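See structure below.
The values are calculated or read from the model by the stated rules, or taken from the named source; none is laboratory data. Just so we're clear, the structure is a prediction, and the values are computed from it rather than from any experiment. Cβ placement follows ideal geometry from the backbone for every residue including glycine, while neighbour counts extend to all protein chains displayed. Heavy atoms of the whole protein, side chains included, go into the accessibility calculation; ligands, DNA and RNA do not. Shrake-Rupley method; radii C 1.70, N 1.55, O 1.52, S 1.80 Å.
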Amino acid sequence: MRDRELYQQILGLSHPWRVEDIRLSLSDRQVVVVAGCVPTESLTCPTCGRTCGRHDHRKRQWRHLDTCQLQTVIEAEVPRVNCPEHGVQQVAIPWAESGSRFTALFEAMVIAWLGEAPIKAVAELVGLTWDQVDGIQQRAIERGLARRAPQLIANLGIDETSYQKHHEYVSVITDRDRRVVLEVLEDRTKETVLTWLDTLDAAQLAAIETVSMDMWEAFINAFLERLPEADRKICFDRFHVAGYFGKAVDEVRIAEHKALRAAGSDLLTHTKHQWLKNSERTDNRSRVWFMELTRASLTTARAWAIKEQAGKLWDFTSRTWAEKGWRRLLGWMDRSRLAPIKKVANTIKTHLWGILNAVVTSTTNAIAESLNARIQKIKAMACGFRNRQRFRRAILFHLGGLDLMPAGVSYPTHTKA
Ligand SMILES: [Zn+2]
């Protein structure tokens, strides 16, 4: 009798539910708590709430949190009602969501563990199969997505991230203000991005102020086609632009180094990283020899000076002055007689509008990049994913900012990856 009261309290059962029996099996290290519904209780349809007559009952079991180091299972004869409108249905039970074979608290524990460890490890820890834990995670994500109200997002980011080793990509759409992943698209084509944009209503489209991205034509064209005034809102990421300059400097250095070596000079040996460093972040006093090198009559030094100048053109607040600065640099690049630099100049020219948008709004894709780094960690933790749907789910689970827990359960949550 005392045991029943104890379990009644541990499980938090209240009227009309009560603990009717406890079956202990020490050999299986399991305790089955048999719960029952007071027979005189009037029952309601779970869909409409109408009071209905009892139809029959079904025996069901739910795995619960362990108690006293014993695997704990709740068993109950769950009444079914016959609603004139909704037919025969099982009544709602307070400890589990309908259709689940686990109590809400047990699911909450698994969800909390999944924030820290991959499915396989959690399955071993709680004694479930991989598919069972995967099912709990899937339900959590569906629950979270269903709860996510349509939001107005002012600052979007879109970025590709590698799904497999060999140039297979998905596109990740982020809310840069809330620092969460909104959606993971299965590839990086224009059509797929358009399909996502079509899920936004007019108010959501109108609310978008900036979209940060790299210069991927499919992304650019999709947003130009759907987002009103996109030519003022698309912002090309400065670190991506800097990447073009770095690559050009390196190409110039490689060619010059080769020519110098052929002529017997080691002037450029072991200098690669010095040319690529961001000098605003590097203490130049420790680089006396390098600063001398930059003043030598080297084509690499000319390309480097252009790269350095480009790095200084991101702090304008006036579009007019920003454009003047960039156009002056483009003139310099055109006259440089350095093929890799001229090639970058052409890319910049056709994308200058989006660079200027980024400059005057101080927009970067840094949030998306940092989420991307966490996505790669999730990938490493899971040792890869069998398909894109699984990859998407894991990203949304960890980085979607979703409310994942079953209703009515508060459990310490961890969403860091
Ligand atoms: Zn009903």
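Helix 339-361 against the longest principal axis of the chain: what's the angle in degrees, Cα atoms only, rounded to the nearest 10? Approximately 50 degrees, to the nearest 10. The orientation-averaged shadow of the Cα convex hull for the chain, equal to a quarter of the hull surface, comes to 29.1 nm².
What's log10 of I(q)/I(0) for segment 309-358 at q = 0.24 Å⁻¹, Debye sum over Cα points only, no solvent? Debye intensities relative to I(0), on a log10 scale: -0.88. Using Cβ point charges alone (K and R +1, D and E -1), the dipole size of segment 306-417 about the Cα centre works out to roughly 520 debye. Across S265, S336, S297, the residue with the most accessible area heads the list, and the full order at a 1.4 Å probe is S297, S265, S336. If the segment from C383 to R18 were pulled out straight at 0.36 nm per residue, it would be longer than the present Cα-Cα gap by 126.9 nm.
Which order do you get for W130, W289 if you rank them by accessible area with a 1.4 Å probe, largest at the top?
Largest accessible area first, the residues go W289, W130.
With r defined as the distance between the Cβ atoms of E142 and R226 and R0 fixed at 30 Å, what FRET efficiency is calculated, to the nearest 0.05?
0.65
L128 sits with roughly 20 Å² accessible to a 1.4 Å probe, with DNA, RNA and ligands left out of the calculation. With every protein chain in place and a 1.4 angstrom probe, the accessible-area ranking of I306, I367, largest first, reads I367, I306.
Using only alpha-carbon positions in segment 188-227, the gyration tensor eigenvalues give semi-axes of 17, 12, 7 Å once each is multiplied by 5 and square-rooted (largest first). Each peptide among 63-69, 155-161 gets the average number of other Cβ atoms lying within 10 Å of its residues, and from highest to lowest they stand as 155-161, 63-69. From its DSSP helices (H runs of at least four residues, each -39,500 (n - 2.57)), the chain gives a residue-normalised ellipticity at 222 nm of -14500 deg cm²/dmol. Only residues of segment 65-81 count here: report those whose backbone N is under 17 Å from the spot 7 Å along Cα→Cβ of I10, or say none. Output list for this probe position: 65-76.
Specify which residue in the list Y7, L156, T364 is farthest towards the positive end of the charge dipole of the chain, using unit charges on the beta carbon of Lys, Arg (+1) and Asp, Glu (-1), about the Cα centre. Comparing the listed Cα positions along the dipole, T364 ranks first.
When the alpha carbon coordinates of segment 208-360 are projected onto the principal axes, the ranges are 58, 30, 24 Å, largest first. For A407 and K247, the FRET efficiency from 1/(1 + (r/R0)^6), where r spans their Cβ atoms and R0 equals 51 Å, is about 0.50. For segment 127-186, the Kirkwood estimate of the hydrodynamic radius, built from every pair of different alpha carbons, is 13.7 Å.
Its residue count N fixes a reference of 2.2 N^0.38 Å for segment 33-107, and the Cα radius of gyration divided by that reference is 1.18. Rounded to the nearest 10 degrees, the inclination of helix 388-399 to the longest alpha-carbon principal axis of the chain is 90 degrees. For segment 1-45, a Kirkwood hydrodynamic radius built from all Cα pairs, placed in the Stokes-Einstein relation at 37 °C and 0.692 mPa s, yields a translational diffusion coefficient of 284 µm²/s.
Principal-axis analysis of the Cα atoms of the chain puts helix 319-334 at an angle of about 60° to the longest axis. The slack between Q204 and T47, meaning 0.36 nm per residue of separation minus the straight C-alpha distance, is 53.3 nm.
With a cut-off of 8 Å between alpha carbons and a minimum separation of six or more residues, what is the relative contact order of segment 257-356 in percent?
17 percent
The length gained by stretching the chain between A117 and N82 to full extension, at 0.36 nm per residue less their Cα-Cα distance, is 8.3 nm. In this structure R58 has an accessible area near 120 Å², from a 1.4 Å probe over the protein heavy atoms.
Which percent of the accessible area of the chain is formed by carbon and sulfur heavy atoms (probe 1.4 angstrom)?
51 percent
Taking every C-alpha pair closer than 8 Å and separated by at least 6 residues, the mean separation divided by the residue count of segment 198-298 gives a relative contact order of 19 percent. Working from the Cα coordinates of segment 147-249, the gyration tensor eigenvalues give, after taking √(5λ), semi-axes of 23, 17, 13 Å in decreasing order.
Placing a label point 7 Å from the Cα of S265 along the Cα-to-Cβ line, the residues of segment 299-336 whose backbone N sits under 15 Å from it are 299-303. With both labels modelled 7 Å from their Cα along Cα-to-Cβ, the Q164 to Q151 distance reads 3.2 nm. If you average the C-alpha positions of segment 251-270 and of segment 69-146 separately, how far apart do those two centres end up, in angstrom? So the separation of the two Cα centres works out to 65 Å.
Placing +1 on each Lys and Arg Cβ and -1 on each Asp and Glu Cβ, with no other charges, gives the chain a dipole about its Cα centre of roughly 1560 debye.
With 29 Å as the limit, the listed pairs K258/K377; K190/K247; K233/K342; K258/K379; K312/K379; K165/K349 have K258/K377; K258/K379; K312/K379; K165/K349 beyond it between alpha carbons. Heavy-atom accessible surface of R60, to the nearest 10 Å², is about 50 Å², with a 1.4 Å probe and all protein chains retained. For the chain, the antiparallel share of DSSP beta bridges with both residues in that region comes to about 75%. Max-minus-min Cα coordinates of segment 322-408 on each principal axis give 64, 29, 17 Å, with the largest extent listed first. With contacts taken as Cα pairs under 8 Å and at least 6 residues apart, the chain reaches a relative contact order of 16 percent.
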